[in-house]
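*Asks:* Mind looking over this structure? Questions follow.
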Amino acid sequence: MTSSHSAISVRNLWQVFGPNPENIIGSPDALLPRAELRAKTGNTAAVRDVSFDVAPGEVFVVMGLSGSGKSTLVRCLTRLIEPTSGSVVMDGEDVLQANGSRLRELRRTKFSMVFQNFGLLPHRRVIDNIAFALEINGVKKSERHARAQEVVELVGLRGFEQAYPEQLSGGMQQRVGLARALAVDPEVMFLDEPFSALDPLIRRDMQNEVIRLHKELGKTMIFITHDLDEAIKVGDRIGIMRDGAMVQIGTPEEIIANPADEYVADFTRDVPKSHVLTLRTIVRPQADGESVSGVSLDAKTIIRDATDAVVNAGGAVTVTDNGQSIGVITANDILRIVGSGASA
């Protein structure tokens, strides 16, 4: 993907905390492990030379362990923290070069943020919390309430417009947070571990809500999480961070099928591969004398979803890509993945 076709293009982004941070970038010290760098220079490289592109309408998930730099990264992208160096281009404009007034305008119109801490105004009703960004933008009350009501319907808050935040559950409060972010119709949404404080069942509901909203609205999203299951569920692509650097970027299938190193492999070890990998990853040439059934399946089919059809086919199943055969699979091919569990 080239930056000219990207909704967001991040290049060589650094965030170094400590004395004279700009002196670290490009120096031999920049290559030191985090602990050694801190011991030698008093600096901490929280984000190290990160580059990636996000396509229009893509959900790009950034994940990593606590301290990997993922939350610092998203704060750099939105300039809640000023990066030490690099560029963050949205819609042809480098956000890092924007002056204060332009940055405020971008935050009001181009991108919005949803955080783990809902940050709702406790003295304002739901409808006014949602309309708050529009109020800041100078939209008159009747118009902003009309827009807020549209978003209320979108995120399933009908009937709660006059409630105060304290009267809502955590999941409902986060719906208000999502609605507030959507009210300004942003081009890009940044979500920093938005559901990590929620109970598991509510968290799952909110993940489904993000997926539904994305299908309906097609917003470009950067979603931060430490949970691989969540990343796989909501993300089109995943970037995995370690010690401030991006160590692998790919689709969930690419990362699980071909982890870049042991760190990524550790992340993916407990994921049932048959729930993520497609038939493309196990297709093979037809063996001599092997009987083929009349069943064919698309290469993009998830292995788990194909299991019944393959087991009951009575012979090898043809796997197709754009209508063309690319090989076959049998029940034994599936069993090698399913039987070996997550560590296949």
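The values are calculated or read from the model by the stated rules, or taken from the named source; none is laboratory data. None of the values given here were measured: they were computed from a predicted structure. In this analysis, Cβ positions are derived from the backbone assuming ideal geometry, glycine residues included, and neighbour counts consider all displayed protein chains. All accessible areas refer to the heavy atoms of the entire protein, side chains included, with ligands and DNA or RNA removed. Shrake-Rupley method; radii C 1.70, N 1.55, O 1.52, S 1.80 Å.
*Asks:* For Gly239, indicate whether it is within 21 Å of the chain's Cα centre (by Cα), open to solvent by less than 30 Å² (accessible area, probe 1.4 Å) and at positive phi.
*Replies:* For Gly239, the condition - within 21 Å of the chain's Cα centre (by Cα), open to solvent by less than 30 Å² (accessible area, probe 1.4 Å) and at positive phi - is not met.
*Asks:* In addition: Looking only at residues that are buried (at least 22 other Cβ atoms within 10 Å of the Cβ) and β-branched (Val, Ile, Thr) in the range 209-228, which one is modelled with the lowest pLDDT?
*Replies:* For the range 209-228, the residue satisfying everything is Val210.
*Asks:* Pick from Val319, Val292: which is farther than 26 Å from Met63 by Cα and touching a Leu at 6+ places or on another chain (Cβ under 6 Å)?
*Replies:* Val319
*Asks:* Pull up the range 1-33, narrow it to residues that are farther than 20 Å from Asp94 by Cβ and among the hydrophobic types (A, V, I, L, M, F, W, C), then point me to the one that is modelled with the highest pLDDT.
*Replies:* Per the stated criteria, the residue is Phe17.
*Asks:* In the range 319-330, what count of residues is obtained for those that are open to solvent by 30 Å² or more (accessible area, probe 1.4 Å) and without any contact (Cβ under 8 Å) to a residue 40 or more places away in the chain?
*Replies:* Matching residues across the range 319-330 total 4.
*Asks:* Could you tell me how many of the residues in the range 234-261 are in a strand (DSSP E or B) and touching a residue at least 24 places away in the same chain (Cβ under 8 Å)?
*Replies:* Going through the range 234-261 one residue at a time, the tally reaches 9.
*Asks:* Moving on to the next point. Looking at the range 125-160, which of the residues that are under 23 Å from Met221 (Cβ atoms) and of a type in the set (Asp, Glu) is surrounded by the fewest Cβ atoms within 10 Å (Cβ to Cβ)?
*Replies:* Glu153
*Asks:* Further, regarding this structure: Being part of a helix (DSSP H, G or I) and closer than 27 Å to Asp94 by Cα is the filter here, so list the residues in the range 107-166 that pass it.
*Replies:* Residues satisfying the conditions are Arg107, Arg108, Thr109, Phe132, Ala133, Leu134, Glu135, Ile136.
*Asks:* Considering each of Ala231, Ala181, Ala163 in turn, give the residue that is hydrophobic (A, V, I, L, M, F, W, C), over 15 Å from the mean Cα position of the chain (by Cα) and buried (at least 22 other Cβ atoms within 10 Å of the Cβ).
*Replies:* Exactly one of Ala231, Ala181, Ala163 is hydrophobic (A, V, I, L, M, F, W, C), over 15 Å from the mean Cα position of the chain (by Cα) and buried (at least 22 other Cβ atoms within 10 Å of the Cβ), namely Ala181.
*Asks:* Residues Ser6, Ser68: which one is closer than 30 Å to Ile211 by Cα, open to solvent by 10 Å² or more (accessible area, probe 1.4 Å) and within 20 Å of the chain's Cα centre (by Cα)?
*Replies:* One residue alone meets the criteria, Ser6.
*Asks:* While we're here: Considering the range 291-305 alone, what residues qualify as being touching a Ser or Thr at 6+ places or on another chain (Cβ under 8 Å), open to solvent by less than 90 Å² (accessible area, probe 1.4 Å) and assigned to a loop (DSSP other than H, G, I, E, B)?
*Replies:* Ala299, Thr301
*Asks:* Same structure, new question: Hey, Met221 hits all of (1) touching a His at 6+ places or on another chain (Cβ under 8 Å); (2) part of a helix (DSSP H, G or I) but one; which does it fall short on?
*Replies:* Every condition holds for Met221 apart from (2).
*Asks:* So which residues in the range 67-88 are assigned to a helix (DSSP H, G or I) and over 15 Å from Leu106 (Cα atoms)?
*Replies:* Those that are assigned to a helix (DSSP H, G or I) and over 15 Å from Leu106 (Cα atoms): Lys70, Ser71, Thr72, Leu73, Val74.
*Asks:* Output the number of the condition that Val264 fails; it satisfies all remaining conditions of (1) in a helix (DSSP H, G or I); (2) open to solvent by 20 Å² or more (accessible area, probe 1.4 Å); (3) not polar (S, T, N, Q).
*Replies:* (2)
*Asks:* Turning to a different aspect of this structure: Would you confirm whether or not the range 89-103 contains a residue that is under 14 Å from Ile8 (Cβ atoms), open to solvent by less than 40 Å² (accessible area, probe 1.4 Å), outside any helix (DSSP H, G or I) and at pLDDT 90 or above? Lay out the reasoning, then the answer.
*Replies:* Taking the range 89-103 first, the residues under 14 Å from Ile8 (Cβ atoms) are 89-96.
After this cut, where a residue has to be open to solvent by less than 40 Å² (accessible area, probe 1.4 Å) as well, the list is 90, 94-96.
With the extra rule that they be outside any helix (DSSP H, G or I), the set shrinks to 90, 94.
Subset that is at pLDDT 90 or above: 90, 94.
Within the range 89-103 (the criterion being under 14 Å from Ile8 (Cβ atoms), open to solvent by less than 40 Å² (accessible area, probe 1.4 Å), outside any helix (DSSP H, G or I) and at pLDDT 90 or above), the answer is yes, since at least one residue qualifies.
*Asks:* So in the range 9-45, with the set limited to residues that are under 13 Å from Gly86 (Cα atoms) and part of a loop (DSSP other than H, G, I, E, B), which one is most open to solvent (accessible area, probe 1.4 Å)?
*Replies:* Taking the candidates together, the pick is Gly26.
*Asks:* I've got another one for you. Only one of Asp49, Asp91 is of a type in the set (Asp, Glu) and within 20 Å of Val264 (Cα to Cα); which?
*Replies:* Values: Asp91 fails: within 20 Å of Val264 (Cα to Cα).
The match here is Asp49.
*Asks:* Given the residues Val126, Val89, Val139, which is the only one that is hydrophobic (A, V, I, L, M, F, W, C) and under 25 Å from the mean Cα position of the chain (by Cα)?
*Replies:* Checking each option against the conditions leaves just Val89.
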